[in-house]
Amino acid sequence: MILRHIKYFLAVAKHQSFTQAAASLYVSQPALSQQIKQLEETLGAPLFDRSGRRVKLTQAGKVYVRYAHKALQDLEEGQRAIHDVQNLSRGALRIAITPTFTTYLIGPLIKAFHDRYPNVTLSVQEMSQEQMEKQLLDDEFDVGIAFADVGSADIEAQILLIETLALVVNKNHPLAKHQAIDLLTLSEQELVLLSHEFVTRGQIERYWRQHDIQPKVMMEANSLSVVIEIVRHTQLSTLLPSNIVSNRDELIAIALAPSLLQRTAVLLQRKGAYQSAATEAFIGLAHQHCEKS
């Protein structure tokens, strides 16, 4: 049995179609079918029920898919280990981030890493924390930057920083000259917020419940850049990390007092995952960067 058999089997299991699996693998359908047949003959059991419109895993296939997935992860980790160079003269690093970190953290951090290790290839993707945890478990990323509310017991988190959220307004807003506002003033504001698919929205609403306030949410958006543009061009305000306003002269962050709205940012990894030299270097640099901030 070779690696190709495992990859082909997992592709058919994922797409529930020999045609779609073959297309995703850039191979012909007859070639794919032949490889699956060879795998079934080697294992001595049919892995797929081909009788319906969609291809389904048999009971044997459902058992085997867990082991095939783990085997593929281990083999790919082994391949990365072989190519990993401790002096970082080459290598690759896959990073996932949640959206609110994009504007003020990931840019300077990636610049610092690239300046120090210019030959390491970086892949950076933005996504929800739920999706990030799933893909970390599937070994699609080496490290993620998200929040301490981790959903999976198989994900480990290292505290990176504690950040404070503030009321963000444009420079022409009636509150623009205030250093801080109290909870009563906050409760009177008309807001534009990130939609409920963002962890940030849940954190904000928990803060409201804790303090028994309910500001007016007039708009919501599923894009951080859209929220910022709305704040720039209207009298609506928002709640975002105070660092968001750095390098944005048209925006002002107003502290919430006396009770701060804070959250913990963390680095996420799959427990037991192979730790490449590039991953170790990035984690160390991230801690250094956040300590200086």
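The values are calculated or read from the model by the stated rules, or taken from the named source; none is laboratory data. Please read all numbers here as calculations on a predicted model, not as lab measurements. A quick note on method: Cβ atoms are made from the backbone with ideal geometry, for glycine too, and the neighbour counts reach across all protein chains shown.
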Checklist outcome for this item: segment 92-195: strands (runs of 3 or more DSSP E) wholly inside it with 1 or more residues that are exposed (fewer than 14 other Cβ atoms within 10 Å of the Cβ) and at pLDDT below 95 are 120-126, 155-170
Item to check | Checklist (1) touching a residue at least 12 places away in the same chain (Cβ under 8 Å); (2) over 22 Å from residue 21 (Cβ atoms); (3) of a type outside the set (S, T, N, Q); (4) not assigned by TED's automatic domain parsing to the domain that holds residue 277 applied to residue 101, failing item | outcome: (4)
Checklist entry - Only one of (1) part of a helix (DSSP H, G or I); (2) touching a Gly at 6+ places or on another chain (Cβ under 8 Å); (3) farther than 21 Å from residue 138 by Cα fails for residue 13. Which number is that? => result (3)
Checklist entry - Inside segment 16-31, can you point out the residues that are more than 19 Å from residue 60 (Cβ to Cβ) and part of a helix (DSSP H, G or I)? => result 19, 20, 22, 23, 24, 25, 29, 30, 31
Item to check | Flag for residue 281 being among the small types (Gly, Ala, Ser), closer than 30 Å to residue 90 by Cβ and assigned to a strand (DSSP E or B) | outcome: no
Checklist outcome for this item: Out of (1) under 25 Å from residue 206 (Cβ atoms); (2) modelled with pLDDT under 90, the one residue 83 does not meet is (1)
Checklist entry - What are the residues in segment 214-260 that are surrounded by fewer than 13 Cβ atoms within 10 Å (Cβ to Cβ) and part of a helix (DSSP H, G or I), if any? => result 225, 233
Checklist outcome for this item: The condition of being surrounded by 14 or more Cβ atoms within 10 Å (Cβ to Cβ) and in contact (Cβ under 8 Å) with a residue 40 or more places away in the chain holds, among 57, 43, only for 57
Checklist entry - Looking at segment 1-22, which of the residues that are loosely packed, with under 15 Cβ neighbours inside 10 Å and under 20 Å from residue 53 (Cα atoms) is nearest to the chain's Cα centre (by Cα)? => result 14
Next on the checklist: Please verify whether residue 276 is assigned by TED's automatic domain parsing to the domain that holds residue 147 and either closer than 23 Å to residue 160 by Cβ or in contact (Cβ under 8 Å) with a residue 60 or more places away in the chain (or both), treating the condition exactly as stated.
Outcome noted: yes
Checklist entry - When you scan segment 172-213, how many residues do you find that are basic (Lys, Arg) and closer than 24 Å to residue 101 by Cα? => result 2
